[in-house]
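Have a look at the structure below before the remarks.
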Amino acid sequence: MQTAIPLWPDGAPGALGTNAYDIPTVTPYLPDGTNATGAAMVICPGGGYGVLAAHEGKDYALWLNQHGITCFVLKYRLGSKGYRHPAMLNDAARALRWVRAHAADYKVDSHRVGIIGSSAGGHLASTLLTHFDAGDTNSSDVVERQSSRPDLGILCYAVISTGEFAHKGSIQNLLGTNPAPELLRLLSNELQVTTNTPPCFLWTTFEDNGVPMENTLLFAEALRKNHVPFDLHVYEKGRHGIGLKDKPPFTHPHPWANDCLFWLKEQGFVK
């Protein structure tokens, strides 16, 4: 039985209450010890910043576990519960720091900690991929001393842009009904890519009517301009939110899964 672990034992900064949805957590999913690679992944489920989709959280963790990756499913705070940026980013950054601070406990390599996100969870992942920091070396909290920079990112039909191709529901849950132009620009993550953005695996589908494929293409273009390595896949078939299109033991997942594993092997995350 997996146990959710609060990211801040004494309560999250900016918490609006003490309900379960006010307490960001990570839930560890561990691979079989015989095939563990020492790599780790923080998983950000989608759900429009309004809910958290289990098939993009737990299912991804179980699938990655099969290939030796230790996973931590993030329960981040949501716009539907009254939260706005930067609460979600703070939760994701804390999760990366927390995994690094506890790397020895889980037998993972603190230099092989990635992030994967789908839809709005992909926006959160892409936000951390472009808004990380090196940590506060003077902090009394060992977690806060860690870098929040992921070593790689996997973005699944991600919300990226706040511009022409924005997924309006996600952006409203994240930023409210009338955000300032500079805040919209700050969270339009294709505009925030730099040469220090980590390598990424990106995929989407032509059929996606929920989040336009242009979100993924804009991010890929920004990575290219900044000489950041990436793998890009646009599949013809597949509705929005498709996830793995399979259930455990994942014998026939959507083709993105095998393409991603090939890429993860090249990154040293999978044997």
Open item on the list: Condition (residue is over 14 Å from residue 31 (Cα atoms), of a type outside the set (Asp, Glu) and touching a Phe, Trp or Tyr at 6+ places or on another chain (Cβ under 8 Å)) applied to the stretch 65-72: is it met by at least one residue?
Closed with: no
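Tally the residues that are farther than 14 Å from residue 244 by Cβ and not aromatic (Phe, Trp, Tyr), restricting the search to the stretch 42-72.
The total comes to 10.
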Open item on the list: Being outside any loop (DSSP other than H, G, I, E, B), in contact with a helix residue (DSSP H, G or I) (Cβ under 8 Å, 6 or more places away or on another chain), hydrophobic (A, V, I, L, M, F, W, C) and at pLDDT 95 or above is the requirement here; does residue 61 meet it?
Closed with: no
TODO: Of the numbered conditions (1) assigned to a loop (DSSP other than H, G, I, E, B); (2) out of contact with any Pro (no Cβ under 7 Å at 6 or more places or on another chain); (3) closer than 21 Å to residue 230 by Cα, residue 149 fails exactly one; give the number of that condition.
DONE: (2)
Open item on the list: Tell me yes or no: at least one residue of the stretch 257-268 is surrounded by fewer than 18 Cβ atoms within 10 Å (Cβ to Cβ), within 19 Å of residue 40 (Cβ to Cβ) and either modelled with pLDDT under 95 or small (Gly, Ala, Ser) (or both).
Closed with: yes
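In the stretch 92-145, what residues are of a type in the set (Val, Ile, Thr) and either assigned to a loop (DSSP other than H, G, I, E, B) or over 22 Å from residue 220 (Cα atoms) (or both)?
Of the stretch 92-145, the ones of a type in the set (Val, Ile, Thr) are 99, 108, 113, 115-116, 127, 130, 137, 142-143.
Within the stretch 92-145, 99, 108, 137, 142, 143 meet the criteria.
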Task: Residue tally, condition of a type in the set (A, V, I, L, M, F, W, C) and in contact (Cβ under 8 Å) with a residue 60 or more places away in the chain, over the stretch 85-130 - done: 14
Open item on the list: Being surrounded by fewer than 16 Cβ atoms within 10 Å (Cβ to Cβ) and part of a loop (DSSP other than H, G, I, E, B) narrows it down to one residue among 198, 249, 212; which is it?
Closed with: 249
Task: Hits in the stretch 59-72 (condition: closer than 26 Å to residue 171 by Cα, crowded, with 24+ Cβ neighbours inside 10 Å and in contact (Cβ under 8 Å) with a residue 60 or more places away in the chain) - done: 60
Open item on the list: Checking the conditions here, which among 153, 135, 82 is buried (at least 24 other Cβ atoms within 10 Å of the Cβ) and in contact (Cβ under 8 Å) with a residue 12 or more places away in the chain?
Closed with: 153
- [ ] Could you list, in sequence order, all residues of the stretch 154-181 that are under 23 Å from residue 239 (Cα atoms) and part of a loop (DSSP other than H, G, I, E, B)?
- [x] 157, 158, 159, 160, 161, 162, 163, 164, 165, 166, 167
- [ ] Scan the stretch 6-19 and give yes if some residue there is within 22 Å of residue 169 (Cβ to Cβ), part of a loop (DSSP other than H, G, I, E, B) and hydroxyl-bearing (Ser, Thr, Tyr), otherwise no.
- [x] no
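Looking at residue 95, is it within 26 Å of residue 19 (Cα to Cα), out of contact with any helix residue (DSSP H, G or I) (no Cβ under 7 Å at 6 or more places or on another chain) and not β-branched (Val, Ile, Thr)?
yes
The values are calculated or read from the model by the stated rules, or taken from the named source; none is laboratory data. Predicted, not measured: the structure shown is a model, and the values here were computed from it. Counting neighbours? That spans all protein chains shown, and the Cβs are built from the backbone with ideal geometry, glycine included.
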